Amino acid sequence: MAAASADMGRMAEYRMVVDKAGPGFVRTVLPITLGLPILAYLLSYFLGVAWFLFYVHITLATVWVGTDIFFRYSLAPAVGASGPATAMSLIPNLTPRLMTVGESLTLGVVGSGIGLAHQFGYFANPTVFVYGALVVAVGVIYFAFVPLHHYQVEMLQELDSAEPDGERVGELNDTAMRWLMGMTVLLAVMLFMMVGMRGLVPI
């Protein structure tokens, strides 16, 4: 059985994730999910090109929600129904890529959303929807970088052990899926807050 991820250290965990996802994959994903929002905000702040930040935010958010729903309701059940052997061979290759995309998308979407709210002046006279969106953003980041990250790293460590425990891998995966369900709920709440910020929800 693998050692607990707490014994590893966060930087060592990320090095493991990068190694397993593939440095080339990470170098492709991060400029899109993190570099584009930063570039878009700078263009918006210094040149007034707010439309590009809006476009980047909506595009990344669409990919984020779509990935979450596809994985939670299509891919994960299909892997589970394929049997332990398929899951044990697929998870070591799939999980680090999902972690790379999911965690960087979380930062990219939340960061570009905050930048967009700043550029649109929502913080000058914040409504309950602005405060609500910030609270949900904190919750989303917590879910992505604490429980989901922890259980996914635990799965990778278990699969790296000399004698992986398939039952434990399944339990860790089930727990991660429950947290992912919570993430889906938070995303739905975030969408409601965004609609409210646009003044389309009567209060």
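The values are calculated or read from the model by the stated rules, or taken from the named source; none is laboratory data. It should be emphasised that the depicted structure is a prediction, and the values quoted were computed from it without experimental measurement. Counting neighbours? That spans all protein chains shown, and the Cβs are built from the backbone with ideal geometry, glycine included.
Residue-by-condition table, conditions (1) more than 26 Å from L39 (Cα to Cα); (2) surrounded by 20 or more Cβ atoms within 10 Å (Cβ to Cβ); (3) among the hydrophobic types (A, V, I, L, M, F, W, C):
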{"residue": "Q119", "(1), (2), (3)": "no, no, no"}
{"residue": "H149", "(1), (2), (3)": "yes, yes, no"}
{"residue": "M155", "(1), (2), (3)": "yes, yes, yes"}
{"residue": "T175", "(1), (2), (3)": "yes, no, no"}
{"residue": "V201", "(1), (2), (3)": "yes, no, yes"}
> Restricting the search to region 75-86, which residues are among the hydrophobic types (A, V, I, L, M, F, W, C), free of Cβ contacts under 8 Å to residues at least 24 places away in the same chain and surrounded by 12 or more Cβ atoms within 10 Å (Cβ to Cβ)?
Replying inline: L75, V79
> Hey, among L75, L107, which residue is of a type in the set (A, V, I, L, M, F, W, C) and at pLDDT 95 or above?
Replying inline: L107
>> Quick test of your reading of the structure: R27 fulfils all but one of (1) closer than 20 Å to I141 by Cβ; (2) surrounded by fewer than 14 Cβ atoms within 10 Å (Cβ to Cβ). Name the failing condition by number.
In response: (1)
> So which of F129, F145 is in contact (Cβ under 8 Å) with a residue 12 or more places away in the chain and in contact with a Gly (Cβ under 6 Å, 6 or more places away or on another chain)?
Replying inline: F129
> How many residues are in contact with a helix residue (DSSP H, G or I) (Cβ under 8 Å, 6 or more places away or on another chain), hydroxyl-bearing (S, T, Y) and under 30 Å from L36 (Cβ atoms) when one looks only at region 58-93?
Replying inline: 1
>> For region 87-99, give me each residue that is without any contact (Cβ under 8 Å) to a residue 60 or more places away in the chain and within 22 Å of D68 (Cβ to Cβ).
In response: L90, L94, L98
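Conditions (1) touching a Lys or Arg at 6+ places or on another chain (Cβ under 9 Å); (2) under 16 Å from G113 (Cβ atoms); (3) free of Cβ contacts under 8 Å to residues at least 12 places away in the same chain, marked per residue:
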{"site": "V18", "(1), (2), (3)": "no, no, no"}
{"site": "A21", "(1), (2), (3)": "yes, no, no"}
{"site": "F25", "(1), (2), (3)": "yes, no, no"}
{"site": "G48", "(1), (2), (3)": "no, no, yes"}
{"site": "H57", "(1), (2), (3)": "no, yes, no"}
{"site": "A61", "(1), (2), (3)": "no, yes, no"}
{"site": "G66", "(1), (2), (3)": "no, no, yes"}
{"site": "Y73", "(1), (2), (3)": "no, no, yes"}
